[in-house]
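Following: one structure in structure tokens, then a few remarks.
The values are calculated or read from the model by the stated rules, or taken from the named source; none is laboratory data. Everything numeric in this text was worked out from a predicted model, so none of it was measured. Using ideal geometry, Cβ is built from the backbone for each residue, glycine included, and neighbour counts are taken over all protein chains shown.
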Amino acid sequence: MVPPPNANVIELPSSTVWFDENGILCSVAKKVPQQTVEEAKKTMEEFRKITGGEKVCMLSDSTDSPPANKEMRDYAAEVIPEVVKAVAIISRSAVGKMAANLFFSIKKQPYPVKMFNDEVEATEWLKQYL
């Protein structure tokens, strides 16, 4: 995923984010070490500023996301429902797909979430939740 030329691109420690023309928050994971929970809390503060405290539909390319430890999975399961309406995940990595599927099968999420291979298909699916 690549931001359009006119997008307001924001660099967070573990991802690059922008809103697309539909109002979907696009997020591309950076190839960086796993954040600590303290670092993730600071990132979540930034995320809330970006979204203006509103719940958003998010399209996430998690290809380069590092595997999350239990502490991070628990933290994510706690805070992500506060900021998203629905999440579409794209991963070009078999390990990334496996990790995401495992996370979502272990812990049922209170928002719609689905894995995709294609950005267009993922965006179309998210539009129903806008």
Checklist entry - Restricting the first residue to region 60-86 and requiring it to be within 26 Å of residue 118 (Cα to Cα), which pairs with a second residue that is at pLDDT 90 or above and assigned to a helix (DSSP H, G or I) meet a Cβ separation below 7 Å and a spacing of at least six or different chains? => result 83/47; 83/48; 83/51; 86/126
Checklist entry - From 2, 28, 37, 32, which residue is more than 25 Å from residue 74 (Cα to Cα) and of a type outside the set (Ser, Thr, Tyr)? => result 2
Checklist entry - Considering region 105-127 alone, what residues qualify as being in contact with a Leu (Cβ under 9 Å, 6 or more places away or on another chain) and of a type in the set (Ser, Thr, Tyr)? => result 123
Checklist entry - Just checking, which of 54, 21, 124, 119 is farther than 21 Å from residue 1 by Cα, over 13 Å from the mean Cα position of the chain (by Cα) and modelled with pLDDT of 90 or more? => result 54
Checklist entry - Any chance region 30-50 includes a residue that's closer than 19 Å to residue 113 by Cβ, without any contact (Cβ under 8 Å) to a residue 60 or more places away in the chain and more than 14 Å from the chain's Cα centre (by Cα)? => result no
